Every structure is written in structure tokens, then in C-alpha cells.
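Heads up: the structure comes next, in C-alpha cells.
Here, each number is a calculation from the coordinates, and none is a lab measurement. Because the structure is a prediction, the values reported are computed rather than measured. Cβ coordinates were reconstructed from backbone atoms using ideal geometry, including for glycine residues, and neighbour counts include every protein chain displayed.
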Amino acid sequence: MANHIGEPPIRTQANNAWSGRVTEVPIEFMRALKVREPLPCSVSGSSNVTFTLLGSVTRPAVLWHHDGIHFIRKNITYTWTNTSNNILDANGADATDTDSVLGVWYMYLNEDGDTLKPSQTAPDFVEDDHQCGYLGHPGTSRAEPWVYVGPMICTTAATPAFSAMTKIGFLWLITEVNAVITTAWAAPTNLTLYIPQLAKHGLKVVGAAETGTGGNIKLSGHTTSALWEVEGAVVETTASNVALQTAHLPFTMTPNDTTSPIYGEATPIGDVHITGFYDVV
């Protein structure tokens with residue numbers, strides 16, 4: 001229900017959605033104007049098994065969902081157990097997971113704004129009934145629209161247990177993850193378990209690079225060594241003088257959305273320390 005400029009406003013509240021005075025601006029255009037406020041979320045509980053979309057009357061969680069904008073005014077929570085968990089499979093259909101699986105889980109909110117479900121499938125552009133897209137579960141077997149609201153990172157499957165995470169604005173700070181950067185241009189294999197596949201939507205990784213005496217380190221989201229994004233160098237060549245320099249080469253960079261999100265090389269062998277990432281919601 002809507003009305004045109006000049007008519008009395010109509011205000012209703014249903015399913016956490018809003019209706020009021022509007023203009024005849026196309027929905028497609030409105031959807032392209034992203035909500036500027038980051039979604040308030042938290043990861044908490046024993047073994048960090050609880051994800052909460054933090055909605056309230058004083059600060060609602062505002063997001064596009066399906067064919068309109070929603071205001072979530074209460075906390076929506078999902079908690080993992082080691083017995084049975086309701087999830088979405090790769091096709092978006094309802095499924096059950098006994099405990100969890102190592103790596104990134106993407107949390108999705110249903111159309112009514114009252115239920116969260118995780119999926120290992122990353123969100124993508126989803127077109128709704130009005131040819132207006134949103135960042136949601138791309139599976140074609142979903143019973144209803146599911147919009148992406150944030151990630152969790154499973155570190156122990158059978159328990160299950162998840163990485164400690166805290167969100168400040170768009171930035172998620174996570175338990176530090178370290179990986180070796182060798183002298184040949186290559187991708188550390190374990191980082192795919194900790195970096196959401198959202199780079200094409202704007203995700204960036206933050207952390208620090210480390211190398212040794214007189215060393216150099218380069219990092220990139222590209223497979224080609226000539227196209228690097230981050231470079232750090234230790235100019236000092238006396239080993240006893242480089243302790244502080246090797247520990248602090250901070251960076252912010254764009255990974256890629258494959259199973260090898262970061263490539264790099266270091267001389268001598270170095271390390272990359274991932275401490276967080278900027279989410280896209």
C-alpha cells in the first residue's frame with residue numbers, strides 16, 4: 001500500500017516492513033541506493049555458537065529484503081548445537097546439519113524477519129518478483145527469499161566451536177589467523193576457511209604481514225605475481241635490530257572469491273596474519 005506526494009501519509013507495520021508516503025521512484029533505482037548503516041550483529045556464547053542480528057526500537061536493523069526495505073526492531077538469534085541444526089543447503093532448501101562444517105557459514109534472514117538460518121553457500125545477487133535485486137541466498141530451491149546479514153567461522157566441527165568475532169561498523173574483528181608465505185608466488189591453503197567469499201561485493205581483509213631481515217613480502221588477490229596489492233619491506237639487515245619491524249606491517253586488501261583468496265611471496269619466508277574483514281552489510 002502506498003500513496004503519492006500531496007496525499008495524506010499512509011503508515012502501516014507488518015512483517016517488520018514499512019509503508020508510508022512515497023514518490024513514483026522505481027524500486028530498481030531505490031534498491032541501488034544501498035542502506036548506509038552497517039547491520040548491528042554479534043557472535044557470542046560458549047564456543048561462540050550464537051549469532052544475533054541486533055535489532056531494537058532505538059536502533060533498528062535496516063536492510064533491503066525481497067521487494068522492500070525492512071526495519072528489524074528486535075534481536076533475532078541463531079544458536080548451534082552438536083545434535084541438530086536447521087540450515088539452508090546449496091540450493092536454498094531447508095536441511096539439517098548434525099553439528100557444523102569447518103569454514104565460513106553465511107547467516108540468512110527470512111522474509112518475515114524472524115528467523116535466521118546458516119548456509120555454506122555465499123550470497124549473490126537475487127532478483128525478486130519486481131526485477132529488483134538484493135544480496136541473498138542464490139539457490140533456486142528456496143521456499144522463500146533469504147537475505148544475507150553476516151558470517152560465522154566454524155573452527156571445530158564436531159563440538160561445534162566458532163571463531164570469536166566482534167563487529168565495529170562494517171568491520172568484523174576475528175581471532176587471528178596465521179599462514180606461511182613462501183618464497184614462491186602461491187596461495188596459503190587454510191585462508192579459505194576464514195575469509196568470506198564476498199570480495200566482488202566489496203569485502204576487504206585486514207591484518208599484518210611479516211618477513212625477516214632485509215626481507216620483502218607481497219600479497220594480492222590475483223594469481224599473477226606482477227599484479228600485487230600489498231608490499232612490505234624490512235630495510236634493516238642486522239638481525240638484532242629488526243624485532244619491531246617484522247611484527248608490524250599492517251595492510252588492508254581485497255582478496256578474491258575462490259578457494260585461494262590471497263596469493264603472496266616473501267624473501268625470506270614470511271607470514272600473513274588475518275585479524276578481520278570489512279563486511280558488505
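The label-point distance for Asn190 and Ala93, in a model that sets each label 7 Å from Cα toward Cβ, rounds to 3.6 nm.
Summing Lys, Arg as +1 and Asp, Glu as -1, what charge do residues with Cβ under 14 Å from the Cβ of Lys74 carry, Lys74 excluded?
Working: positive: Arg59, Arg73; negative: Asp112, Asp114.
Net charge in that neighbourhood comes out at 0.
Which of the lysines could a cross-linker bridge to Lys74, judged by Cα under 19 Å and excluding same-chain residues fewer than eight apart? The qualifying lysines are Lys117, Lys167.
Each Lys or Arg adds one and each Asp or Glu subtracts one; over the other residues with Cβ under 12 Å from the Cβ of Gly169, this totals 0.
Suppose the chain between Thr223 and Ala158 were pulled fully straight at 0.36 nm per residue; how much longer would it get relative to their current alpha carbon spacing? It would help to have the intermediate numbers written out before the result.
Working: separation 65, 0.36 × 65 = 23.40 nm, distance 3.37 nm.
So the extension gain works out to 20.0 nm.
Taken along the Cα-to-beta-carbon direction at a fixed 7 Å, the label points for Asp112 and Asp257 span 3.1 nm.
Here's the list of lysines a cross-link from Lys218 could span, going by alpha-carbon distance under 21 Å and ignoring same-chain residues fewer than 8 apart: Lys204.
Quick one: grab the alpha carbon gyration tensor of the range 172-278, order the square roots of its eigenvalues as a ≥ b ≥ c, and give me rounded if a/c is under 1.5, else prolate or oblate depending on whether a/b is larger than b/c. Don't skip to the end; give the middle numbers.
Working: a/c = 2.17, a/b = 1.62, b/c = 1.34.
Prolate, since a/c reaches 1.5 and a/b exceeds b/c.
The calculated FRET efficiency for Thr175 paired with Val57, based on their beta-carbon distance and R0 = 41 Å, is about 0.80.
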